[in-house]
Amino acid sequence: RKELELAREIQMDLLPAPGNAGFPVVGMNVPAREVSGDFYDFLRREDGLIYFSLADVSGKGMNAALAMAKVSSLLHHLARELADPGELLARVNVELCESISHGMFVTIVAGFLDPASGRIDLANAGHQPPLLHHGDGSFEEIAATAPPLGVLTGCQFPVTTLKLNDSSLYLFTDGVTESLDENNRPLAVEGFIKLVRGAEYGPAARRLQGWHRSHSPGWAR
């Protein structure tokens, strides 16, 4: 039990500290168990670009937690040097294909935001499609364009370019869509969209906190 608690502390230390008021990227991780294979990260680079990622390591427990720590550290280090999300994922994929074991893999969305222009370049490796919430109220799914990391050596990771303008981009794992609604049924993407519509004009941090209060304990697994 003590080892699990220590692993949990280490995982929490790997998550980024909240940005200053008005920082355009906000995240939350609420494990259903002591340790989790889900993680997110973001950082502002010296050139002003903001790196972000959200990922889900296959499996549960300590194996997933250890893989999560390795992948998160690799991404965080390389994202300071590379500004192409496709190249970033390709570099990490090479490492994972050589070292990951027991059939584990990682689904991930990683990208870079230019706050000045609102441009986002991202790559989706087998992860649940992020939702782009347009200013007119419509939603657009950004589908995966490559398999998960750790599956195929030499894989390419195509980059998708978006313009935020008055839009918001939501990245999430199946811990959200598989959580249960008030009728004890999986929330699914449709249920998540309803939550977004219910708080679409509030600040991002307030939206996340509100959804967590109304929907724990199943948010992030």
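Taking 0.36 nm per residue of separation and subtracting the Cα-Cα distance, what length does fully extending Arg80 through Lys163 add?
Result for the pair: 27.7 nm of gain on full extension.
Please report how far the C-alpha centroid of segment 117-145 lies from that of segment 85-106, rounded to the nearest whole angstrom.
Going from one Cα centre to the other spans 22 Å.
Suppose the chain between Lys2 and Asp181 were pulled fully straight at 0.36 nm per residue; how much longer would it get relative to their current alpha carbon spacing?
Stretched fully, the Lys2-Asp181 segment lengthens by 61.2 nm.
Find the relative contact order for segment 71-173 and round it to a whole percent, using C-alpha pairs within less than 8 Å whose residues are 6+ positions apart.
Details: 187 pairs, mean separation 32.0, N = 103.
This gives 31 percent for segment 71-173.
Once the piece of chain linking Asp136 and Arg119 is laid out straight, how much longer is it, given 0.36 nm per residue of separation minus the C-alpha distance between them?
Gain in length upon complete extension: 4.3 nm.
Output needed for segment 121-179: three equivalent-ellipsoid semi-axes, defined as square roots of 5 times the C-alpha gyration tensor eigenvalues, in descending order, whole Å. Numbers along the way, then the final one.
On the way: eigenvalues 111, 49, 9 Å².
In descending order the semi-axes read 24, 16, 7 Å.
For Leu49, what charge total do you get from the other residues with a beta carbon under 13 Å from its beta carbon, if Lys and Arg give +1 and Asp and Glu give -1?
So the environment of Leu49 carries a net charge of -2.
Taken together, the values in this text are just the output of simple stated rules run on the coordinates, not laboratory data. Quantities reported herein were computed from a predicted structural model and do not represent experimental measurements. Please note: Cβ atoms are built from the backbone with ideal geometry, for glycine as well, and neighbour counts cover all protein chains shown.
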